[in-house]
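> First the structure, which I've put down as structure tokens, then a few questions once you've had a look.
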Amino acid sequence: MRGRGGIASITMVLACVAMLWVQPLQAEPASQEPPQENCGERKSTADIVECLATHTAVWDRRLSTAYQKLLESLPARRRDRLRSAQRLWIQFRDANCAYFASRAGTIARVDAGQCLLRLTTARAMELEEGI
């Protein structure tokens, strides 16, 4: 009997380990970042550009929300500085991504979309940290 109990215990431990291996524990809180599909796996340039635009829209909403919350929390003098910084940041983002869009070929649309996503994501996270 004792031998069977040992085998049953080992089997139970192996089953538990296998279950943990297949489905990892979620000990850490979920990331604040929305899940991001790899748009590069799409089949056509138009699909990739659309995917990038969709992700950029998500981050743009986050950016707008963070900006509004931050504005409301600041004294008047700092609000003016944030408004000025945000206007200049938008000019920079648009000019920088327009540079990528000016390249030859259809890859320019992808490069410009990646630029918008990358910069918008970074700014949204930066403003969220300031809240």
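The values are calculated or read from the model by the stated rules, or taken from the named source; none is laboratory data. In this text the structure is predicted, and so the values were computed from the model without any measurement. Ideal geometry is used to build each Cβ from the backbone, glycine not excepted, and the neighbour counts take in all protein chains shown.
> Six or more apart or on different chains, Cβ atoms under 6 Å: show the pairs whose first residue is in the range 86-102 and free of Cβ contacts under 8 Å to residues at least 24 places away in the same chain and of a type outside the set (Lys, Arg) and whose second is surrounded by 14 or more Cβ atoms within 10 Å (Cβ to Cβ) and assigned to a helix (DSSP H, G or I).
Close Cβ pairs satisfying both conditions: Cys97/Ala112; Cys97/Cys115; Cys97/Leu116; Phe100/Asp111; Phe100/Ala112; Phe100/Cys115; Ala101/Ala108; Ala101/Ala112.
> Kindly indicate whether Phe92 is in contact with an Asp or Glu (Cβ under 6 Å, 6 or more places away or on another chain) and assigned to a helix (DSSP H, G or I). Give the derivation first.
Values: in contact with an Asp or Glu (Cβ under 6 Å, 6 or more places away or on another chain): no; assigned to a helix (DSSP H, G or I): yes.
Criteria not met by Phe92.
> Of all residues in the range 36-54, count the ones that are farther than 13 Å from Ala112 by Cα, at pLDDT below 95 and assigned to a helix (DSSP H, G or I).
Number satisfying all stated conditions: 4.
> Let me ask something else. Mind listing whichever residues of the range 62-89 are in contact with a helix residue (DSSP H, G or I) (Cβ under 7 Å, 6 or more places away or on another chain) and part of a helix (DSSP H, G or I)? Please lay out each step first, then the result.
The first filter runs over the range 62-89 and keeps only residues in contact with a helix residue (DSSP H, G or I) (Cβ under 7 Å, 6 or more places away or on another chain), leaving 62-63, 66-67, 70-71, 74, 79, 82, 86, 89.
Hits for the range 62-89 are Arg62, Leu63, Ala66, Tyr67, Leu70, Leu71, Arg79, Leu82, Gln86, Trp89.
> Still on this structure: In the range 98-131, what count of residues is obtained for those that are assigned to a helix (DSSP H, G or I) and within 18 Å of the chain's Cα centre (by Cα)?
Total meeting the criteria: 20.
> Within the group Gly105, Gly130, Gly113, which residue is at pLDDT below 95 and either touching a Gly at 6+ places or on another chain (Cβ under 8 Å) or closer than 17 Å to Val49 by Cβ (or both)?
Gly105
Yes/no matrix, rows are residues, columns are (1) acidic (Asp, Glu); (2) surrounded by 12 or more Cβ atoms within 10 Å (Cβ to Cβ):
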residue: Glu72; (1), (2): yes, no
residue: Leu82; (1), (2): no, yes
residue: Gln86; (1), (2): no, yes
residue: Cys97; (1), (2): no, yes
residue: Phe100; (1), (2): no, yes
residue: Gly105; (1), (2): no, no
residue: Thr121; (1), (2): no, yes
